[in-house]
Amino acid sequence: MAGGTPNTFGLGRVGVWTFALDLQPMRKSQEAAQELEELGYGCIWVPEAVGREPFASCALLLSGTKRIGIATGIASMYARSAITMQAGLKTLTEAFGERFTLGIGASHEHMATKLHKSSYDKPYSTMVTYLDQMDKGIFAAAPPTTTPRRVLAALGPRMLALSAERGLGAHPYFVPPEHTHMARQVLGDGPLLAPEQAVLLETDPVKAREVARKFMATYIRLPNYANNLRRLGYSDDDIGDATKPPSDRMVDAIVAWGTLDQAVARVKSHFDAGASHVSIQVLDADPMALPMRQWRELAAATKNL
């Protein structure tokens, strides 16, 4: 599919991935979502960790907008039972149709065991069982009139293949374009492939890599992400750990820092590798900032991708 025009499944070509909306009062978050809609972004992806409850957050963002899609990136299967997950999916689909997409994933061991007091044994097999339970779940409320939309957070080949079998496709996070190329080969031409790409509009290499390393510090210590990078050929010296930061090579692969043109080129590289939709996560020296300026600039620069 590289070089083609893949099916975006109603998400548009370019979206926004952000935790910044969780850090604002909901009214301000809704106003920001309205502007993102006006700017032409196809979808806003919101996370689940220790911020807002994602189904409630998505409902409020959907209520405050008219056309833009809202997606969870991702809702953890350890945070709620399968029947509750499918009820949330069907509730929002009934109300908002194809504007809502459920991104669901196995999250990470420390999130499952420490936050949700669950075991983290065989996440792939657990996901298969969980999806079976979702699909068999009872929902006695008014049903949706459109088919509920589900994607999986997937990095490795088995989960990528499952994402195509049991949903629209995959939403990989913290990945360079070479992962997108590999993922498209696993998925084949049809399924959705919607990677996230971190972007930092900072041209000073020292400043840019400092901000990028702060962003990456948590992720490089998580086995799911570190193992995925190893599969792509990055060494332990590249990836780093709790005592050693990631190499310049690793930073530059994960975070597209530099000029606006360089950021757009990185997004385009995902499309060239087979992405259907790319969600841009804007990084800022102030992690609490709402990056409206950067979103505006990127919207104008990516509208023809």
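Any read-out appearing in this document is the output of simple, stated calculations on the displayed coordinates, not a laboratory observation. On a predicted model such as this, the values are computed, not experimentally measured, just so you know. Every residue, glycine among them, receives a Cβ derived from its backbone with ideal geometry; neighbour counts consider all protein chains shown.
In summary, the convex hull built on the alpha carbon positions of the chain has an orientation-averaged projected area of 14.6 nm².
Expressed per residue, the C-alpha convex hull volume of region 164-300 stands at 118 Å³.
With a threshold of 19 Å on the Cα-Cα distance, the over-threshold entries among K28/K214; K90/K136; K122/K214 are K28/K214; K122/K214. Each label was represented as a point 7 Å from its Cα along the Cα-to-Cβ direction; for D272 and E31 these points are 4.0 nm apart. With the convex hull drawn over the C-alpha atoms of region 11-152, the volume per residue is 108 Å³. The dipole here belongs to region 11-152: it is taken about the Cα centre, uses +1 on the Cβ of Lys and Arg and -1 on the Cβ of Asp and Glu, and is about 100 debye.
Sorted ascending by nearby beta carbons within 10 Å, beginning with the fewest, M182, M77 become M182, M77.
For region 124-221, dividing the convex hull volume of the Cα atoms by the residue count gives 158 Å³ per residue.
Ellipticity at 222 nm from helices only: DSSP H runs of n ≥ 4 in the chain, each -39500 (n - 2.57), divided by the residue count, give -13000 deg cm²/dmol.
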